Amino acid sequence: MDRKTTGILLTGGSALLCGCPGLFLCLFGGLSAAGAGTYDLGTDVGQISSGAGIALLCLGILLTLIPLGVGYFSLRNRPAAVASTAPDEPLPPPR
């Protein structure tokens, strides 16, 4: 495989494994931080604290940034190697 195909596969995989959960965590964290996050565990019903919502929001943002970084670093055009412009003749002796 060439580099472009590998970069596309890595970007797609990281978007699936990190991007989608990151977006869902952003949504859930934003709702929890706004005060709309509740949970129901059998007989225990309560509200998720806004601090936990902010932490989930930050984690979601970090997870969402991973596929962007992978895509940028794997699919960018690298600059061509600069050829040496030095002449083939030897340098004159120092004075």
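Suppose we filter the range 15-53 for residues that are under 25 Å from P67 (Cβ atoms) and either in contact (Cβ under 8 Å) with a residue 40 or more places away in the chain or among the polar types (S, T, N, Q) (or both); how many remain?
Count: 7.
Within the range 74-95, is there a residue that is surrounded by 10 or more Cβ atoms within 10 Å (Cβ to Cβ) and under 17 Å from the mean Cα position of the chain (by Cα)?
Yes, some residue in the range 74-95 is surrounded by 10 or more Cβ atoms within 10 Å (Cβ to Cβ) and under 17 Å from the mean Cα position of the chain (by Cα).
What tally of residues in the range 27-46 results from selecting those that are outside any loop (DSSP other than H, G, I, E, B) and either among the hydroxyl-bearing types (S, T, Y) or loosely packed, with under 10 Cβ neighbours inside 10 Å (or both)?
Going through the range 27-46 one residue at a time, the tally reaches 7.
Is it true that T5 is closer than 19 Å to P67 by Cβ and exposed (fewer than 10 other Cβ atoms within 10 Å of the Cβ)?
Criteria met by T5.
Any read-out appearing in this document is the output of simple, stated calculations on the displayed coordinates, not a laboratory observation. All values reported here derive from a predicted model rather than from experimental measurement. Don't worry about glycine lacking a Cβ; one is built from the backbone with ideal geometry, like all the others, and counts go over all protein chains shown.
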